Amino acid sequence: MIVVDNIVKSYRTGSGKNIVLDRISFRITKGEKIGILGRNGAGKSTLIRLLGGIERPDSGRIEQTMSVSWPLASTGGFQGSLTGMDNLRFICRVYGVSIKDKVPFVEEFSELGRYLNEPVKTYSSGMKGRLAFALSMAIEFDCYLIDEAMSAGDARFRDKCRYELLVKRNDRSIILVSHDPKQMRSFCDTFYVLLQGHLTRFDDAEAAYVFYQASLQN
């Protein structure tokens with residue numbers, strides 16, 4: 001289970017303190033798939049970074065009794081001067097897992113061929129996205145954090161990603177943040193709308209979408 005209890009997160013700006021998340025609380029149980037809708041700048045990515053341990057809240061607590069991924073398909077942690085394969089070796093060392101069975105998986109899934117042995121800084125954004133998703137799937141987690149990650153690659157590759165995550169790992173928990181209601185309907189069973197720092201929960205996708213659409217008019 002993951003318990004998010006009354007967390008507050010703010011940033012300093014030129015005009016003063018901007019509170020992005022204001023006393024946010026929710027929980028996710030094993031196998032549950034929740035979607036968080038919100039417009040650009042609402043704080044969705046900030047919430048994902050907090051859940052992934054990349055940042056800390058100003059106050060409140062996040063308790064985890066299951067393993068949580070880094071933000072899925074994130075390329076921010078790559079070492080650009082290292083090759084794709086070297087980045088895989090580094091991640092395996094960090095998580096204490098053997099690289100032996102991970103290499104063939106990443107080779108097949110990323111479809112990068114010889115470029116796996118080239119520095120990541122030479123990759124296109126699409127190549128980085130494919131490598132990032134392959135590395136994310138190479139390590140097993142109880143809960144996967146998804147920050148608009150399903151846009152990597154072409155339609156065929158996106159279908160491949162969905163199958164790997166949503167079919168083969170159907171028993172895992174998912175936290176998906178997006179401003180795309182279609183993704184929410186496809187992947188999630190519980191829904192939240194993040195608006196002005198606050199979360200509103202819905203058990204029905206259509207009700208969440210109506211509330212979200214109304215928020216865009218304000």
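The values are calculated or read from the model by the stated rules, or taken from the named source; none is laboratory data. Just so we're clear, the structure is a prediction, and the values are computed from it rather than from any experiment. Virtual Cβ from ideal backbone geometry, glycine too; neighbours counted across all protein chains shown. Side chains are part of the model used for accessible areas, which takes the heavy atoms of the whole protein and leaves out ligands, DNA and RNA. Shrake-Rupley method; radii C 1.70, N 1.55, O 1.52, S 1.80 Å.
When the test is whether a residue is in contact with a Cys (Cβ under 9 Å, 6 or more places away or on another chain), outside any loop (DSSP other than H, G, I, E, B) and either open to solvent by less than 70 Å² (accessible area, probe 1.4 Å) or of a type in the set (Gly, Ala, Ser) (or both), residue 137 passes it.
Tallying residues that are under 27 Å from residue 168 (Cβ atoms) and either over 14 Å from the mean Cα position of the chain (by Cα) or open to solvent by 40 Å² or more (accessible area, probe 1.4 Å) (or both) within region 7-64 yields 12.
Take the residues in region 172-211 that are hydroxyl-bearing (Ser, Thr, Tyr) and modelled with pLDDT under 85, then tell me which one is most open to solvent (accessible area, probe 1.4 Å). Can you show your working first?
Step one: list which residues in region 172-211 are hydroxyl-bearing (Ser, Thr, Tyr), which gives 173, 178, 186, 190, 192, 200, 209.
Pick out the ones that are also modelled with pLDDT under 85 and you get 178, 186.
Values: 178: 0, 186: 80 Å².
Step by step, filter region 172-211, then rank; the result is 186.
Taking interchain pairs and intrachain pairs at least six residues apart, which have beta carbon atoms under 6 angstrom, with the first residue in region 197-208 and within 15 Å of residue 27 (Cα to Cα) and the second hydrophobic (A, V, I, L, M, F, W, C)? Cβ pairs passing all conditions: 199/24; 200/193; 202/191; 202/208. Here residue 169 clears all of (1) open to solvent by 10 Å² or more (accessible area, probe 1.4 Å); (2) not in a loop (DSSP other than H, G, I, E, B) except the condition numbered (2). Looking across region 66-90, the residues that are closer than 16 Å to residue 133 by Cα, modelled with pLDDT of 90 or more and open to solvent by less than 70 Å² (accessible area, probe 1.4 Å) come down to 68, 83, 84, 85, 86, 87, 88.
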